[in-house]
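These notes concern the structure reproduced below.
Just so it is clear, none of the values below were taken in a lab; they were calculated from the coordinates. Since the structure is predicted, the reported quantities are computational estimates derived from the model, not experimental observations. Every residue, glycine as well, gets a Cβ built from its backbone with ideal geometry; the counts of neighbours run over all protein chains shown.
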Amino acid sequence: MNIGFIGIGKLGLDCAEVFAEQHTVFGYDIYPRTSDSVQICTTPKELVENSDWIFVAVPTPHAEGYDGSVPSSHMEPRDFGHHAVTEAIEYINTYANNSKRVVLISTVLPGTTRKYFIPLLDKKHQFVYNPYLIAMGSVKWDMVNPEMIMIGTEDGDETALAGELIDLYKTIMQNDPRYVVGTWDECEAIKIFYNTFISAKVGLANMIQDFAIKIGNINVDVVTDALAKSTMRIMGPKYMTAGMGDAGACHPRDNIALRWLAQEYDLGYDMFDTIMHAREIQAKNLAHFLIEQSEINNGLPIVIHGKAYKPDVEYCIGSYSTLIGHYIEEKGVKVTYLDPLADDPAGVVDSIDAAHVVLMAHNRHITYGYTGEAKDDVFYCTIPEGSVIVDPWRTIQNHEVDGVSVIHYGNTRHK
Ligand SMILES: NC(=O)c1ccc[n+]([C@@H]2O[C@H](COP(=O)([O-])OP(=O)(O)OC[C@H]3O[C@@H](n4cnc5c(N)ncnc54)[C@H](O)[C@@H]3O)[C@@H](O)[C@H]2O)c1
């Protein structure tokens, strides 16, 4: 059976290409896209007519300023936009002559599918909600090695379509994932609370880092390693290394949007605001630490090594580096960035020719270690003698770079 993808952007194109290794796959996007394996359709009609399965991976955008790359916890909470999903449903209603298997991937807040999308979709089509746990920079690997596959149906029962989708995934998986079938609303909730759980976990690990700095005689890694191995009561070790804050196109904005949901359902408290507020203050603390290092070292300028929200991708959306940069600039201090890929060139330099305070925001092993495919870390340029590296991941050793001292942020026992 032919597979179609409406929306072949950062997530959709790689996912479509993974399917195309085993199946015939079509893709349609409002922007021109190219692919060696996915057959690109020029109209939504062509896509719908050619596809038995229709995966919808269009954006559910947050409003400007709600991605987490600048402070937002003071702003009015808002839901994601649903316009593109509505358009995709309209294409299917308009151009389908027979019943389609519709699979919505896009991230939405709990309750959205039932309230906004199901009333729009023609009843002749079958529908499941199937969000992905996929991260930028490792989309194809994550797609075939997921922790779980979530399939949402109207009443949470495994429908015929859910069973067929599981069989379809079995043709491409490299691991043997859990398949979780729940209601649309449950799957929306699993996906978004998975993300916000990570933000909370990173926020806790970074809180310990803040205390390590303030109290002294504490290496945050000794504390978090001990907690991470405490599997009797606390969960596994992932995201238990203090360092940069949670970042990217999904996690910060999910918390920001959930602030809206907490208000909408009159929850009576807003944990997401607390998580985002903590993330912002943690960034501010690190920014002030960098300024302090600059002052101690005769006003060395500050550069952040890595502007994109993680190494090996260009995306500056939801970047923790720019959040730190914001707080440095708020103090009237200039900041530049080193990043050969960053899609936002503001303040990015190719190299530095004098000593700097260098924040090592990127660390490939921390970010991609779990895939087993992490490349070795490299400096984006020569780090001049007399520089001070602030390493929030604590993996660069003092003797590693000639004439450069290294501070392990979060380890106040480090010599
Ligand atoms: N990027 C990720 O890591 C990731 C992971 C999990 C879930 N998601 C979710 O998946 C969805 C898509 O994310 P993304 O990062 O790929 O976004 P994206 O903006 O990179 O890609 C979406 C694509 O859809 C296209 N599009 C918009 N309106 C369209 C329409 N009417 N018809 C056809 N194409 C249309 C856009 O041109 C774009 O290419 C979002 O809801 C996001 O939250 C993303």
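Before moving on, here are some points about what is shown:
- Degrees between helix 160-170 axis and first principal axis of the chain (Cα, 0 to 90, nearest 10): 50 degrees
- The gain in end-to-end length when the Asp176 to Ala160 segment is fully stretched comes to 3.7 nm, 0.36 nm per residue minus the alpha carbon separation.
- Residues in region 387-403 carry Karplus couplings, in order, of 6, 10, 8, 9, 9, x, 9, 6, 10, 8, 8, 4, 8, 5, 10, 4, x Hz; the curve used is 6.51 cos²θ - 1.76 cosθ + 1.60 with θ = phi - 60°, and Gly or Pro positions show x.
- DSSP loop chymotrypsin sites (Phe, Trp or Tyr not before Pro) with at most 10 other Cβ within 10 Å: longest gap in the chain: 1-264
- Whole-Hz couplings from phi, Karplus 6.51/-1.76/1.60, listed for region 129-143; x for Gly and Pro: 9, 9, x, 10, 9, 10, 10, 4, x, 9, 4, 5, 5, 4, 4
- In terms of distances greater than 27 angstrom between alpha carbons, the cross-link table entries Lys100/Lys170; Lys214/Lys415; Lys10/Lys375 yield no pairs at all.
- Where the alpha-carbon atoms of region 45-176 are placed on the principal axes, they occupy 47, 37, 31 Å, in descending order.
- Angle of helix 251-264 to the longest C-alpha principal axis of the chain, folded into 0 to 90 degrees and rounded to 10: 70°.
- Shape parameters for region 278-415, alpha-carbon atoms, Rg then Dmax in Å: 14.0, 42
- Modelled FRET efficiency - R0 51 Å, Glu264 with Asp343, Cβ distances, 0.05 increments: 0.95
- Amide hydrogen neighbours beyond the local backbone of Val406, cut-off 5 Å, H modeled: Ile389
- When the trypsin sites (Lys or Arg not before Pro) in region 69-178 are filtered for DSSP coil states and for at most 12 other beta-carbon atoms within 10 Å of their beta-carbon, the remaining sites are Lys123, Lys124.
- Angle in degrees between helix 271-296 and the longest Cα principal axis of the chain, rounded to the nearest 10: 30 degrees
- Amide H partners (placed H, <5 Å) of Phe55, local residues excluded: Gly4, Phe5, Ile6, Val103
- Simple spin-label estimate for Asn298 and Ser405 gives 1.3 nm between the two label positions (7 Å along the Cα-to-Cβ direction from each Cα).
- Note on Glu329 and Asp122: their simple-model spin labels are 5.0 nm apart, each label 7 Å out from Cα toward Cβ.
- Normalising the average separation of contacting C-alpha pairs (under 8 angstrom, six or more residues apart) by the number of residues puts the relative contact order of the chain at 13 percent.
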